[in-house]
Amino acid sequence: MGSQAEGAGVPQRAGNAAEVLDLAVTGVAHGGWCVARDAGGRVVFVRHALPGERVRARVTDATASFARAEAIEVLRASPDRVPPRCPHARPGGCGGCDWQHADLAAQRRLKAAVIRDQLNRIAGLDHAVTVEPVAGDEDGLGWRTRVRFSVGPGGTAGLLAHRSHKVVKVGDCPIAHPLVRAAEVTGRDWAPARSVEVVVSPAAGERAMIVTMPQRAAGPRIAADADTVLRAGRGGRLTTLTGRGSLRQRAAARSWRVSAGAFWQVHPGAADALSAAVLDVLEPRPGEVALDLFCGAGLFAGALAAAVGPDGVVIAVDADRSAVRDARHNLRRTPWARVHAADAAAALARRGWPAPDLAVLDPPRTGVPRPVIDGLLASGTGLRAVAYVSCDPATLARDIAVFAGHGWRLDGLRAFDIFPMTHHVECVAALSPGKS
């Protein structure tokens, strides 16, 4: 998941700003939208509504075939509706939270419905889905350990409005982890910075800040606010100004070094939940060969290395060199786990390792490139199981369909609510050879 509170983007062609519709909301769609039709039968995607409600909605933009709108008045409320915990979770407010107006159980039902719909429409599968909470999540707040604040023209840091570059002065963000909130980023003048990203480790009590500055501007003087401070330069290149440039994260009963700019799950309970789910899917045995593609800091590779033991082999691959450095550091006590800095498709084409028995895929939101799936499934006939970890149900469904074209089937799917209050959800799919 991206570091900015999600929902930002480039605005589409504007509709009639004065157009207000009376809508009966019938369902939910991917991306935090609900679905309705106006009097002319046009599809309208509505934010801040819930299925079963009747709302008045202001059109924000439109195309020839559909419109987008925000519910500005609820005429008939769903029993799942609750008061949002943040005053900025409203039409025209912050774009980070899609579902603060629904209780947590309803949020999970909505996410499950979206996953099931994507699997059905894209992969042709009818698969029951339950979205599970993870440890440490009682109210859906205080979980986000990485937040990227944008800096507005006046130097105030805030979060972006939905589908906009407008900076909303949020003050305090209730889904941010207390260590993020304690940095008090939104209460200071950050000019001429363009953004301030705060990353924390709850287990170690550590905090890092990444400040993006104009090229010739002086560096930030914020060493007292973080254990490590980095400056983001051209092309996202990071320069460590103070501290060691990394945090100590805790998962799977051990410590992990993770560079401040590298990927790590943002919910404190996510890494444990996902690593356990991957092991449940793969059931690794001593002496087996396992691949971890898109390995990041080596979380899944480390869990697999412990399971296959010194008679086995783990091959981890990632194109991010800072993540590879972290993974090599984190896996140094299991020399049968080797880490390669490479594009996954190129690494599979070169191979140079034994035919795998198992594989885990944890790609970015764009999913697994087709050449990676083709290369993986051509890597040997002994591949018996793949665990696919996904943060986007649409690209997951697309890639499951590609696996099916190779004769693989979906054996099971677990979904985890590691992004409460947002539309995002994490899935772990179990794939095996054999027709559905």
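The values are calculated or read from the model by the stated rules, or taken from the named source; none is laboratory data. Given the structure is predicted, the values throughout are model-derived calculations rather than measurements. Don't worry about glycine lacking a Cβ; one is built from the backbone with ideal geometry, like all the others, and counts go over all protein chains shown. Areas reflect the complete protein model, heavy atoms only, side chains present, ligands, DNA and RNA absent. Shrake-Rupley method; radii C 1.70, N 1.55, O 1.52, S 1.80 Å.
Here is a yes/no grid of residues against (1) buried (at least 17 other Cβ atoms within 10 Å of the Cβ); (2) hydroxyl-bearing (Ser, Thr, Tyr); (3) within 16 Å of the chain's Cα centre (by Cα):
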{"site": "ASP80", "(1), (2), (3)": "yes, no, no"}
{"site": "PRO83", "(1), (2), (3)": "no, no, no"}
{"site": "GLY95", "(1), (2), (3)": "yes, no, yes"}
{"site": "ALA102", "(1), (2), (3)": "yes, no, no"}
{"site": "GLN107", "(1), (2), (3)": "yes, no, no"}
{"site": "LYS111", "(1), (2), (3)": "yes, no, yes"}
{"site": "ASN120", "(1), (2), (3)": "no, no, no"}
{"site": "ALA135", "(1), (2), (3)": "no, no, no"}
Original post:
Which of the residues that make up segment 373-414 are assigned to a loop (DSSP other than H, G, I, E, B), open to solvent by 20 Å² or more (accessible area, probe 1.4 Å), farther than 17 Å from VAL428 by Cα and not hydrophobic (A, V, I, L, M, F, W, C)?
Top reply: GLY380, THR381, GLY382, HIS406
Original post:
List, please: which pairs have Cβ atoms under 6 Å, are six or more places apart or on different chains, and start with a residue in segment 261-282 that is acidic (Asp, Glu) and end with one that is open to solvent by less than 20 Å² (accessible area, probe 1.4 Å)?
Top reply: ASP272/ALA251
**OP:** State all residues of segment 50-104 that are without any contact (Cβ under 8 Å) to a residue 24 or more places away in the chain and in a loop (DSSP other than H, G, I, E, B); if no residue qualifies, say none.
**Re:** ALA64, SER65, PRO79, VAL82, PRO83, PRO84, PRO87, ASP103
Original post:
Pairs under 8 Å by beta carbon, first residue under 16 Å from ALA342 (Cβ atoms) in segment 352-369, partner charged (D, E, K, R) and surrounded by fewer than 23 Cβ atoms within 10 Å (Cβ to Cβ), six or more apart or different chains?
Top reply: TRP353/ARG338
Subject >> Residues of segment 194-208 satisfying the condition of being over 27 Å from ALA135 (Cβ atoms), open to solvent by less than 10 Å² (accessible area, probe 1.4 Å) and not β-branched (Val, Ile, Thr) >> reply: SER195
**OP:** Output the residue which, of all residues in segment 144-182 that are hydroxyl-bearing (Ser, Thr, Tyr) and part of a strand (DSSP E or B), is farthest from HIS101 (Cα to Cα).
**Re:** THR156
Original post:
From the list ARG338, ARG332, which one is assigned to a strand (DSSP E or B), more than 25 Å from the chain's Cα centre (by Cα) and surrounded by fewer than 23 Cβ atoms within 10 Å (Cβ to Cβ)?
Top reply: ARG338
Original post:
When only residues in segment 62-78 that are open to solvent by 50 Å² or more (accessible area, probe 1.4 Å) and β-branched (Val, Ile, Thr) count, which is farthest from GLY52 (Cα to Cα)?
Top reply: ILE72
**OP:** Test each condition in (1) closer than 26 Å to GLY136 by Cβ; (2) surrounded by 14 or more Cβ atoms within 10 Å (Cβ to Cβ) for ARG231 and report the one that comes out false.
**Re:** (1)
Original post:
Taking into account only those residues within segment 343-379 that are touching a Lys or Arg at 6+ places or on another chain (Cβ under 8 Å) and at pLDDT 95 or above, which is nearest to ARG321 (Cα to Cα)?
Top reply: GLY367
**OP:** Take the residues in segment 341-372 that are out of contact with any Phe, Trp or Tyr (no Cβ under 8 Å at 6 or more places or on another chain) and of a type in the set (D, E, K, R), then tell me which one is most open to solvent (accessible area, probe 1.4 Å).
**Re:** ARG350
Original post:
If you take the residues in segment 306-329 that are over 14 Å from SER255 (Cα atoms) and of a type in the set (D, E, K, R), which one is least open to solvent (accessible area, probe 1.4 Å)?
Top reply: ASP318
**OP:** Please indicate, with yes or no, whether at least one residue in segment 298-311 is at pLDDT 95 or above, in contact with a Ser or Thr (Cβ under 7 Å, 6 or more places away or on another chain) and closer than 30 Å to GLY31 by Cβ.
**Re:** yes
